[in-house]
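The structure appears below as structure tokens.
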Amino acid sequence: MNQTQAKKGYFGNWGGAFIPEVLHQPFFQLNEAYRKIRADESFWQEYVDLMANYSCRPTPLTFAENLSNHFGGARIYIKREDLNHTGAHKANNVMGQGLLVKRMGKKRVIAETGAGQHGVATATMAARFGFDCTIYMGEEDVARQRPNVFWMEKLGATVVPVTDGARTLKDAINEAFRDWVTSMDETHYVFGTVCGPHPFPEMVAWFQSIIGREARDQILARHKALPAAVYACVGGGSNALGIFQGFMDDDVRLVGVEAGGKGTDTDQHASRMTGTRASAGVAQGYRTMFLQDDDGQMLDTHSIAAGLDYVGISPILAEMGESGRVDFAAATDDEVLKALELTMRAEGIIPALESSHAFVQAFKDAPNMGRDEAIIINMSGRGDKDIFTIAHAFDDPSWKKFIIDRADGYRKSSGG
Ligand SMILES: Cc1ncc(COP(=O)(O)O)c(C=O)c1O
């Protein structure tokens, strides 16, 4: 990442901090606090210790021998972010921001969440550090992701369903900003990905860089050479930038895989860099490629993976795409389910639907590569959270019966 640009919050033409006057004060405070922790080496050490003791870091780099043999090309390694506490890379960012909040002396955190993974991770962090916690979530997502809502509430957070707009992630972000305007003195906004106004993209990317630092050391120790390519799925872009940062200055191909949904030639996808429906714009405090119409109205997005179902992309990745440093591809819902099934059967590993997008492109490329080459797939999270979606997509009859029997049981016990 170019530090001169990053200081001003710009990455080429992308990024910035387009914020209303009333939010200048908390952003000023946040910038100051962030500048201090970046300059303080003991902060990073405290962060690494916390992640080692609370979140199983360093996460393993697993050699997928069966998949490698199956495709007969490159050696496939999987970076296991699923083994983080709470089951995804989201923990890296929230625990880092938790330490920052402690240093800032604030007592309350708020967050937006789409799939609920960031919400659960933030609620977990708040419980651990003793902060009050409010999570904003589109009403649509509250209905789709009930198990995550259940856990957030049990962990002590208040979940506020947002009824504006399409009632999804972008509406939750707007509502969280509204809260922050009135509560900034005691509240920190834990942004969940590498988007939003400066310093969020740069700061979240810094916390997530722990993935790439580990992966680089691990592949050099195991394969005795750098990988030919690194693959990651891209929602906002935090797991992708997390791993890419370990290989930024190397001759390593970096591949970001977006949600191709029902196909990038339809209107049901969330591909900002690969489709034809995105254009440059300013929204939610930053400039990037957004899925929007000619009047700047945000378009509805679709993905089988709730965590990739977002209109914008990190300004850092927009710049890296424009400069050609990162190649972008898209994986359709159908391709994702096939890659997921193969990975389960071949390796006994269940990737999240989001992560499975990265597997799709890696599986397309691996057979065309040499046996002496290695590739890394960043497995951003575990698929257990997706059981409802996956069982429905596979049309599993015994799962259907289980749900119907459960519902009948509830109906009977509540006298219905
Ligand atoms: C498991 C998992 N992977 C990937 C993502 C996408 O986010 P990002 O692009 O910021 O890594 C999410 C978002 O919820 C997620 O839960």
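With respect to the conditions (1) outside any loop (DSSP other than H, G, I, E, B); (2) surrounded by fewer than 16 Cβ atoms within 10 Å (Cβ to Cβ), G263 falls short on a single one, namely (1). The residue of the range 107-131 that is farthest from the ligand (Cβ to nearest atom), among those that are surrounded by 24 or more Cβ atoms within 10 Å (Cβ to Cβ) and among the small types (G, A, S), is A126. Annotation for the range 312-328: no member residue is of a type in the set (D, E), within 16 Å of the chain's Cα centre (by Cα) and surrounded by 15 or more Cβ atoms within 10 Å (Cβ to Cβ). Note on the range 341-365: among residues that are touching a strand residue (DSSP E or B) at 6+ places or on another chain (Cβ under 8 Å) and not in a helix (DSSP H, G or I), the one that is farthest from A393 (Cα to Cα) is I349.
Being assigned to a helix (DSSP H, G or I), under 22 Å from L317 (Cα atoms) and out of contact with any helix residue (DSSP H, G or I) (no Cβ under 6 Å at 6 or more places or on another chain): is that true of N31 here?
Working: assigned to a helix (DSSP H, G or I): yes; under 22 Å from L317 (Cα atoms): yes; out of contact with any helix residue (DSSP H, G or I) (no Cβ under 6 Å at 6 or more places or on another chain): yes.
The answer is yes for N31.
Restricting attention to the range 285-335 and to residues that are β-branched (V, I, T) and not in a strand (DSSP E or B), the residue that is nearest to the ligand (Cβ to nearest atom) turns out to be I313. For the range 389-416, residues that are touching a residue at least 60 places away in the same chain (Cβ under 8 Å) and not β-branched (V, I, T) total 1.
Screening T193 against (1) touching a Gly at 6+ places or on another chain (Cβ under 7 Å); (2) at pLDDT below 95 leaves a single unmet condition, (2).
Before we move on, is F150 within 13 Å of the ligand (Cβ to nearest atom), aromatic (F, W, Y) and modelled with pLDDT of 95 or more? No: the conditions fail for F150.
Within the range 395-414, identify whether any single residue is among the small types (G, A, S), within 21 Å of D251 (Cα to Cα) and not in a helix (DSSP H, G or I), and answer yes or no. So far as the range 395-414 goes, no, none of its residues is among the small types (G, A, S), within 21 Å of D251 (Cα to Cα) and not in a helix (DSSP H, G or I).
Matching residues to (1) under 18 Å from V194 (Cα atoms); (2) assigned by TED's automatic domain parsing to the domain that holds T122; (3) surrounded by 16 or more Cβ atoms within 10 Å (Cβ to Cβ):
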residue: L23; (1), (2), (3): no, yes, yes
residue: E41; (1), (2), (3): no, yes, no
residue: Y47; (1), (2), (3): no, yes, yes
residue: E65; (1), (2), (3): no, no, no
residue: I76; (1), (2), (3): no, no, yes
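Of the helices (runs of 4 or more DSSP H) lying entirely inside the range 158-253, those containing at least 2 residues that are aromatic (F, W, Y) span 169-183, 200-223.
The values are calculated or read from the model by the stated rules, or taken from the named source; none is laboratory data. Keep in mind it's a predicted model, so treat the numbers as computed, not measured. All Cβ positions, even for glycine, are placed from backbone atoms using ideal geometry, and neighbour counts span all protein chains on display.
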